[in-house]
Each structure stands twice: as C-alpha cells, then as structure tokens.
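What follows draws every value from the coordinates through simple rules; no lab data is involved. Here the structure is a predicted model, which means the values were calculated and not measured. Positions of Cβ are generated from backbone atoms using ideal geometry, with glycine treated the same way; all protein chains shown enter the neighbour counts.
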Amino acid sequence: MKEYKLITKILIFILILMIGSSFIVGMFFVTGIWLPDDNSSYLDNNQIHITETPKPSITEIKLKYFENCTKESSDPFLYPITKDEGLDQDYVPKVIPTNLTGGKEVTESIIPYLKKLFQKAKSEGINLQIISGYRSYQTQENIFNSYVNSELNANPYLGYEDAVIKANIYSAKPGHSEHQLGTTVDIKCVDCTAFTFSEKNIEVYNFLEENANNFGFVISYPENTTEITGYKYEPWHIRYIGTELSLKYKKKNADKEIKQPLQKFLIDTCKTGNYG
Ligand SMILES: [Zn+2]
C-alpha cells in the first residue's frame, strides 16, 4: 500500500508540474513575451497583418542628413560652405552638361529640377540662361589669384594679405565656392549682361525669389546679409538642397524682412538633424 501511495504522489506531482509548465508557456504566448521563430502563423491566427513598410526612424533620418552635412561625404549636398568652411581640393563631383540655355555642367540629380524651373519661367514669358555651373577647385584658385593680382596691381602699396582680404569680399577662396558642389548655378535673362541689376534681370531675380524654393533651390546670399555671409546680395546664385528643405526654408522666412542666409540655415539643420 505504501508503494501505491508513493507512486500516486509522484504521478500527482508530475501532473501538477505539467499543468503548471503548460500554463506558464501559454502565458508567454498570450502576452507575446515568447513567440516561435516563425511567428507568421501565430500572427495570422490573430488577424494581425503588417502591410505597411516600416517608416525610417528619427535616427535614420538624422543620419541621412548628417552624412550629407560633412565635406567627407561622397555627396555633401547639404554641407554648409562658408568663408571658413570649404571643400577639399579632391572633392570632384560627377557632372554632366545641362543641355539648357547657357549650357554648363551640374550633377545629374539636379537637372530635372533645373528643367522644371526653366519651364515655369518660360510659362511666365521669362527666358532664363545659365551663366555658371560646376566650378572646380583649380578654376576657383585661378580666378581668386587673378583677383588678388588685380588688387595688387591697382594698389602697389597693398600687402599680399590685404589684397587677399579685398578679393575675398567678392570672390570665394578656393574650396569655398558652392559651385564646387555641382548643385549650384548662376542665372540671368537671355538678353542680359551677367551679374547686373538691369530691368530684365530684376524680372529674373524676382522670379527666382518667388519660385526657386518650389523646385528645391535657395538663393544662398539674400539681401542685407553681407555681415553674416561676407557676400553681397547675389539674387542670381541658387543652390539645390532638395524640395523638402527648400520649402522649409521658404516657410521659415515667409514673414521675415531679412531672410536667413542659406549657410546659417544649413548649419542649424545639420546640427539638429531637424528637417521637418
Ligand atoms: Zn554663383
């Protein structure tokens, strides 16, 4: 009898153990703490369907922008170029001819936006022409040196350093031109002289002020910002930063009498990763 009692006790113990462990495993299922490796059948049974592709996380978005915010990036299209911050000599983007009036070369990715901008102008009776596109480091160096030399020729008593400072007011030092990115162009009216404020050019500049942002471009050096940028107002000079950001720029400056220069806007954007 004793043996029977012992066996019954053992059996009851095993039974309690089995019920207990099934309950624990069951709870894991219900709470989702543990799912089998292939959980699709479990999800199907419970009518949970994941149909949307997952949205990029804030970290991924930030990374995307931060990557483009450094000159080391393969495509630093958001890199803030200032009188202090410039691109290296070996930054040479892949550029192709625009095939638009004025020709010149830019990166392939901005051509569709440039074309749309030209079409929009044409629809308003304005014929645009590109004056400058991509400018290599070497070309910038040649241009800058020629300006320094003409300053020295104009004033033989001027020291070299002072000549550099004078030339830098209207010309970028090598590596400090947004044109090296291949995403920047200068524009004028077809029949106008470049970089002037003739009546027909002003029509172009007003058009760019109104429309450039809608196509991903920003006038880098707005009116009355020389103290910040070190450049005078250049309404002909537009840089592509993507429609998302250019529209944000437009919204941010909509009610401002003096617009924020692009370099400041990009520094803020690149620091925070806040593009929304
Ligand atoms: Zn320019």
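Some values worked out for this structure:
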quantity	calculated
Distance (nanometres) between label positions extended 7 Å along Cα→Cβ at residue 194 and residue 73	2.8
Cα-based reach from residue 122 at 17 Å (exclusive), listing lysines while leaving out same-chain residues under 8 positions away	188, 200
Ascending count of other beta-carbon atoms within 10 Å, so fewest first, for 269, 183, 243, 82	243, 82, 269, 183
Residues with amide H under 5 Å from that of residue 131, placed H, sequence gap 5 or more	186, 187, 188
Computed lengthening from residue 258 to residue 89, 0.36 nm per intervening residue step minus Cα-Cα distance	57.5 nm
All aspartates and glutamates inside 17 Å of residue 5 as judged from Cα atoms, apart from same-chain residues fewer than 8 positions distant	none
HN-Hα J in Hz across region 258-267 - Karplus 6.51, -1.76, 1.60, θ = phi - 60°, x for Gly and Pro	10, 6, 6, x, 4, 4, 5, 4, 6, 4
Cut-off 19 Å, label 7 Å out along Cα→Cβ of residue 211, residues of region 77-112 by amide N	98-103, 110-112
Positive minus negative residues near residue 100 (Lys, Arg vs Asp, Glu; Cβ under 14 Å)	+3
Mean shadow area of region 228-275 over all directions, Cα convex hull, nm²	3.7
Region 137-237: radius of gyration over Cα atoms, expressed as a fraction of 2.2 N^0.38 Å	1.21
³J(HN,Hα) computed for each position of region 236-244 - Karplus, 6.51 cos²θ - 1.76 cosθ + 1.60, integer Hz, glycine/proline x	8, 9, 10, 10, 7, 10, x, 5, 4
Lys, Arg +1 and Asp, Glu -1 on Cβ, resulting dipole of region 57-168 about Cα centre, debye, nearest 20	680
³J(HN,Hα) computed for each position of region 220-226 - Karplus, 6.51 cos²θ - 1.76 cosθ + 1.60, integer Hz, glycine/proline x	5, 10, x, 4, 6, 10, 4
Out-of-range pairs (alpha-carbon distance over 30 Å; input 94/115; 115/166; 94/264)	115/166
Candidate aspartates and glutamates - alpha carbon under 14 Å from residue 250, same-chain residues fewer than 8 apart omitted	209, 210
Residue 251-residue 160 FRET efficiency (beta carbon distance; Förster radius 51 Å; 0.05 resolution)	0.70
